[in-house]
Amino acid sequence: MESSQILGLFAAIQAQLAHQQASIDKLCAKVDRIEQTQLVIAKQIQLISNKNAKFHTQISDVPSEVIAQVFTWMHPFEAASFRRLSKAFNRCLTTNPFCMLSLKQCPEINLNRVKYEDDVQKIDHVLFRGHDGYRAAYASLFASKLTTIEIGLSYATLIPKEIGSMAALKKLDLSACRLFLELCQTS
């Protein structure tokens, strides 16, 4: 290779480097302009926004379906205690669809798993201590499955009217509890 060829290659490489350096300089200038534009926009946003304003989502803005889904992850009695928060919560947490879904998702109240006396007592607790929505949902969910209820409640309470809708119920053992029945007066 002759020196003139080497000088020609060297000149071509220098021209290519100069071209690439010009491209890099153009990109750096664009990046600088973008960064300056971002700073200007950030300053304008700071001027427009009120630093003292606080934005909060009201619980009343959340759809009742979302609230119901959140509360189905709790134990039914724990969820029922939130009924006192507001009328909207009370309406949401006492609807039949919510009560049915809540009872279905509660692992303690799964009739397919009931094997021990303690499990039966937990189930019976819903029928006797739950609010009307849970009682109705319980009776409709388990009416065809529950054949025996053995109740050993240590507190006095009424026999729930929902027991009448449990068609498969063959035995209701009340010997170990303090239940009483209110009879309707007819005129």
Would you check which residues across the range 85-106 are open to solvent by 20 Å² or more (accessible area, probe 1.4 Å), closer than 15 Å to TYR138 by Cα and part of a helix (DSSP H, G or I) and list them? ASN96, PRO97, MET100, LEU101, LYS104, GLN105
Among the residues of the range 13-39, how many are open to solvent by less than 80 Å² (accessible area, probe 1.4 Å) and under 44 Å from the mean Cα position of the chain (by Cα)? 1
In the range 135-152, is there at least one residue being among the basic types (Lys, Arg), touching a helix residue (DSSP H, G or I) at 6+ places or on another chain (Cβ under 6 Å), modelled with pLDDT of 75 or more and at negative phi? yes
First in the range 56-76 and within 18 Å of LYS104 (Cβ to Cβ), second anywhere and open to solvent by 70 Å² or more (accessible area, probe 1.4 Å) and modelled with pLDDT of 85 or more, Cβ under 6 Å, 6 or more apart: none
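How many residues are in a helix (DSSP H, G or I), in contact with a helix residue (DSSP H, G or I) (Cβ under 7 Å, 6 or more places away or on another chain) and farther than 12 Å from PHE89 by Cα if we restrict to the range 61-78?
Taking the range 61-78 as the starting set, the residues that turn out to be in a helix (DSSP H, G or I) are 61, 64-71, 76-78.
This time we only want the ones that are in contact with a helix residue (DSSP H, G or I) (Cβ under 7 Å, 6 or more places away or on another chain), so: 64, 67-68, 71, 76.
Right, trim to farther than 12 Å from PHE89 by Cα and you get 76.
Count: 1.
Does any residue of the range 116-125 turn out to be modelled with pLDDT of 80 or more and charged (D, E, K, R)?
So in the range 116-125, the residues modelled with pLDDT of 80 or more come out as none.
No - not one qualifying residue is present in the range 116-125.
Quick check on the range 71-98: of everything there that is among the aromatic types (Phe, Trp, Tyr) and under 14 Å from the mean Cα position of the chain (by Cα), which residue is nearest to GLN58 (Cα to Cα)? I'd like the intermediate steps shown before the answer.
Quick first cut of the range 71-98, residues among the aromatic types (Phe, Trp, Tyr) only: 71, 73, 77, 82, 89, 98.
Imposing the further condition that a residue be under 14 Å from the mean Cα position of the chain (by Cα) reduces the set to 71, 73, 98.
On the way: PHE71: 17, TRP73: 21, PHE98: 22 Å.
The extreme case among them is PHE71.
The values are calculated or read from the model by the stated rules, or taken from the named source; none is laboratory data. Every value quoted in this text rests on a predicted model; they were computed, and no experiment measured them. We place every Cβ from the backbone using ideal geometry, glycine too, and count neighbours over all the protein chains shown. With ligands, DNA and RNA removed, areas are computed over all heavy atoms of the protein, side chains included. Shrake-Rupley method; radii C 1.70, N 1.55, O 1.52, S 1.80 Å.
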